[in-house]
Amino acid sequence: MKALVKAKPEPGLWLQDVPEPKYGPADVLIKIRKTAICGTDLHIYNWDAWSQKTIKTPMVIGHEFVGEVVAVGAAVKNFRPGQRVSGEGHLTCGKCRSCRAGKRHLCIDTHGVGVNRIGCFTELLVIPEINVYPVPDNLEDDIAAIMDPFGNAAHTALSFDLVGEDVIITGAGPIGIMAATIAKRIGARHVVITDVNDYRLNLAKSLASVRAVNVARESLSDIQNELGMMQGFDVGMEMSGVPSAFDQMLESMNHGGKIAMLGIFSQKPLLNSDLVIFKSLTLKGIYGREMFETWYKMISLVQSGLDIAPIITHRFDVDDFQKGFDVMNSGQSGKVILNWGE
Ligand code: NAD
Ligand code: ZN
């Protein structure tokens, strides 16, 4: 079967023939229909420092998908062939204190699909039943394929009460934009999203009524004055992974403000602890999605009318995967879908 493989420790990805996977009694075998390219896949494609220390080649990558169950292990109870599914890409140990307390997102020994084990950029994927999530009939394939990053957005955006609050989101990547749509939907007052990329800021504006700010040209304090905000932002979501963006966020927060941090910094930020302390800020790190409360909430948000479809800007057949990675690398895209066939 076909798979997109990080075959060699150098930039690039290779479409190769790989053996079909075997599945165990607690596993589900899924025929992949659509996958989406994550920023993580792009890091692996580009073979940056993080990938070099994390990925053991050869590795089939990818972790954002929708597909159809084709077979289940003997012990699987809740899935049957023909069912449309997506799945949680974080495999947790089941043994640590967090897992046993039902807080699997806090597992101390998480393994990632397409990072530490075979990923979904292939025709057949095996994951444990506990990680499979059923897709409701009224959720289209494209949306089901981006549940993973949408879940990152939802987990972050639902971390703090946003009703009536002024929110700043640093980074208008796909996840930042989806978080902005959620913040507006659930009742934030002003939502300001920052970036240095006009394509992405325009995409953010087309999805939600947010104030999109190019911080290369505009200052956040001017925007705060323009919006009549007297004291600063109540809630921040860091979704850029850029230290200077995080600095700007700390500067612009209200006293008692709350910040959820999702962006992964390629260079460690120099935390201005004075701002954290004297503003009495609360910082919360976000890793992945809550299993499976985030999944429940994000699907309910779509079912209740939240439209995230425009975040998908490009679609390619997997044979044209190169075009997908090129457009991602250009920064002129939202989510990019790869089709693997019906
Ligand atoms: P992305 O790289 O597409 O988006 C980041 C955006 O930040 C880009 O649009 C970039 O132009 C922008 N940016 C650059 N400099 C900026 C600045 N000075 N101010 C504001 N914005 C600036 O990433 P994404 O896929 O949307 O993911 C968002 C972040 O979350 C990334 O850092 C990613 O690695 C991270 N992430 C974390 C988790 C987790 O579990 N914690 C999961 C997925 C992604
Ligand atoms: Zn665990």
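So the values come out like this:
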quantity	calculated
Residue match in the stretch 119-137 (condition: at pLDDT 95 or above, farther than 22 Å from Asp27 by Cβ and part of a loop (DSSP other than H, G, I, E, B))	yes
All positions within the stretch 200-215 that are out of contact with any Asp or Glu (no Cβ under 9 Å at 6 or more places or on another chain) and open to solvent by less than 70 Å² (accessible area, probe 1.4 Å)	Arg200, Leu203, Ala208, Val210
Matching residues in the stretch 222-272 - criterion: being within 25 Å of Gly39 (Cα to Cα), open to solvent by less than 60 Å² (accessible area, probe 1.4 Å) and more than 15 Å from ligand 1 (Cβ to nearest atom)	Val235
Evaluation of Gly73 against (1) within 16 Å of ligand 2 (Cβ to nearest atom); (2) more than 22 Å from Leu13 (Cβ to Cβ); (3) of a type outside the set (Val, Ile, Thr) (one fails), failing number	(1)
Where a residue in the stretch 310-329 is of a type in the set (A, V, I, L, M) and its partner, wherever it lies, is in a helix (DSSP H, G or I), with Cβ under 7 Å and at least six apart	Ile311/Pro174; Ile311/Ile177; Ile311/Met178; Ile311/Leu207; Ile312/Asp142; Met328/Leu42
Unmet requirement for Leu271, which otherwise passes all of (1) in contact with a Pro (Cβ under 8 Å, 6 or more places away or on another chain); (2) at pLDDT below 95; (3) farther than 23 Å from His111 by Cβ	(1)
Selection count where residues are of a type in the set (Phe, Trp, Tyr) and under 16 Å from the mean Cα position of the chain (by Cα), scope the stretch 288-342	3
Filtered residues of the stretch 229-269 (kept if touching a residue at least 60 places away in the same chain (Cβ under 8 Å) and among the basic types (Lys, Arg))	Lys258
Selection status of Arg100, within 16 Å of ligand 2 (Cβ to nearest atom), at pLDDT 95 or above and closer than 25 Å to Val302 by Cα	no
Among (1) in contact with a His (Cβ under 9 Å, 6 or more places away or on another chain); (2) within 15 Å of ligand 1 (Cβ to nearest atom) - the single one Asn131 does not satisfy	(2)
Whichever residue in the stretch 17-54 is over 30 Å from Ile264 (Cα atoms) and open to solvent by 40 Å² or more (accessible area, probe 1.4 Å) and, among such residues, is nearest to ligand 2 (Cβ to nearest atom)	Ala26
Flag if Ser98 is open to solvent by 20 Å² or more (accessible area, probe 1.4 Å), among the small types (Gly, Ala, Ser) and within 16 Å of ligand 1 (Cβ to nearest atom)	yes
Among the residues listed as Gly151, Gly176, Gly164, the single one being at positive phi and of a type outside the set (Val, Ile, Thr)	Gly164
Asp142 being in a loop (DSSP other than H, G, I, E, B), more than 16 Å from ligand 2 (Cβ to nearest atom) and either farther than 30 Å from Ser252 by Cα or open to solvent by less than 10 Å² (accessible area, probe 1.4 Å) (or both)	no
Given (1) farther than 24 Å from Ser240 by Cβ; (2) surrounded by fewer than 18 Cβ atoms within 10 Å (Cβ to Cβ), index of the condition Gly112 fails	(1)
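Yes or no, residue by residue, for (1) surrounded by fewer than 15 Cβ atoms within 10 Å (Cβ to Cβ); (2) β-branched (Val, Ile, Thr); (3) touching a His at 6+ places or on another chain (Cβ under 6 Å); (4) without any contact (Cβ under 8 Å) to a residue 24 or more places away in the chain:
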| position | (1), (2), (3), (4) |
| --- | --- |
| Ala172 | no, no, no, no |
| Ala180 | no, no, no, no |
| Ala188 | no, no, no, no |
| Val196 | no, yes, no, yes |
| Arg217 | yes, no, no, yes |
| Leu220 | no, no, no, no |
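To keep it simple, each residue is scored yes or no on (1) within 16 Å of ligand 1 (Cβ to nearest atom); (2) of a type in the set (Ser, Thr, Tyr); (3) under 21 Å from Phe150 (Cα atoms).
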site	(1), (2), (3)
Pro21	no, no, no
Val28	no, no, no
Lys31	no, no, no
Ala36	yes, no, yes
Asp41	yes, no, yes
Thr57	no, yes, no
Gly89	yes, no, yes
Glu123	no, no, no
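The values are calculated or read from the model by the stated rules, or taken from the named source; none is laboratory data. Everything numeric in this text was worked out from a predicted model, so none of it was measured. With ideal geometry, Cβ positions are generated from the backbone for all residues, glycine too; neighbour counts draw on all protein chains shown. With ligands, DNA and RNA removed, areas are computed over all heavy atoms of the protein, side chains included. Shrake-Rupley method; radii C 1.70, N 1.55, O 1.52, S 1.80 Å.
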